[in-house]
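**Q** Quick one: this structure, given as structure tokens, is what I'll be asking you about.
The values are calculated or read from the model by the stated rules, or taken from the named source; none is laboratory data. Computed from a prediction, not measured in an experiment: that's the story for all the values here. With ideal geometry, Cβ positions are generated from the backbone for all residues, glycine too; neighbour counts draw on all protein chains shown.
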Amino acid sequence: MEMVCIRRQFNDHRMAEIPFDGLSGIRWDTISGGVNNIAPQPFIHAYVWCDEVIGDIAHSCLHGPPPHSIKIVILKKDNTSNIFKKIVEIAGPKPETYRAKPYYIKTDVGKICDALIKGKEHPAIEIKNHKIHGKILVIKPKNIKELIEDGTGNTIRARAKKVKLNVAAIMSEYGNFIEVQYGYWLSYKKKE
């Protein structure tokens with residue numbers, strides 16, 4: 001019986017094994033099972049029944065009686081080349097990853113805020129017409145269109161968090177802007 005080494009997240013130290021036949025839904029993904037961690041690149045994920053796992057992975061069964069179908073990740077470094085090759089044949093080629101060009105706190109936060117306040121154009125600011133709020137200003141990372149087309153846009157949210165927090169802190173000092181909800185993106189509406 002061929003065994004596959006698995007983890008719950010790509011960076012988790014806990015590993016377990018599952019028979020190859022116990023894998024289902026094998027595919028490339030950037031979102032882990034359980035806590036939905038965002039990976040910096042696509043990894044092969046699959047689903048397994050928690051009661052078939054041999055070893056210790058991040059799953060407790062506290063939310064209900066087993067068995068549960070849980071999402072796991074399969075890493076190349078944990079498995080033999082024959083097993084991993086077999087899994088890649090099912091998952092298909094690894095999707096191309098576009099590396100985000102992050103905005104930097106020291107240089108870009110001030111420029112983004114200045115553009116918001118003065119109504120200037122900036123590559124980070126996209127103007128949208130929102131159904132409820134009307135004209136809103138959405139702050140998005142560099143090369144976001146390629147990231148969305150590639151399906152790896154989720155990786156950006158984690159990297160942009162510090163810039164987002166700094167922009168939010170500066171913008172909170174200006175009474176003529178209010179923060180509005182627009183998906184995961186930091187967005188503002190100018191008070192009229």
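Yes or no, residue by residue, for (1) at pLDDT below 75; (2) out of contact with any strand residue (DSSP E or B) (no Cβ under 6 Å at 6 or more places or on another chain); (3) surrounded by fewer than 15 Cβ atoms within 10 Å (Cβ to Cβ):
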{"site": "GLU126", "(1), (2), (3)": "no, no, no"}
{"site": "HIS133", "(1), (2), (3)": "no, no, no"}
{"site": "ILE136", "(1), (2), (3)": "no, no, no"}
{"site": "LYS140", "(1), (2), (3)": "yes, no, no"}
{"site": "LYS145", "(1), (2), (3)": "yes, yes, yes"}
{"site": "ILE156", "(1), (2), (3)": "yes, yes, no"}
{"site": "MET171", "(1), (2), (3)": "no, no, no"}
{"site": "VAL180", "(1), (2), (3)": "no, no, no"}
{"site": "TYR184", "(1), (2), (3)": "yes, yes, yes"}
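**Q** Of everything in segment 26-81 that's hydroxyl-bearing (Ser, Thr, Tyr) and exposed (fewer than 12 other Cβ atoms within 10 Å of the Cβ), which residue is farthest from CYS5 (Cα to Cα)?
**A** The selected residue is SER60.
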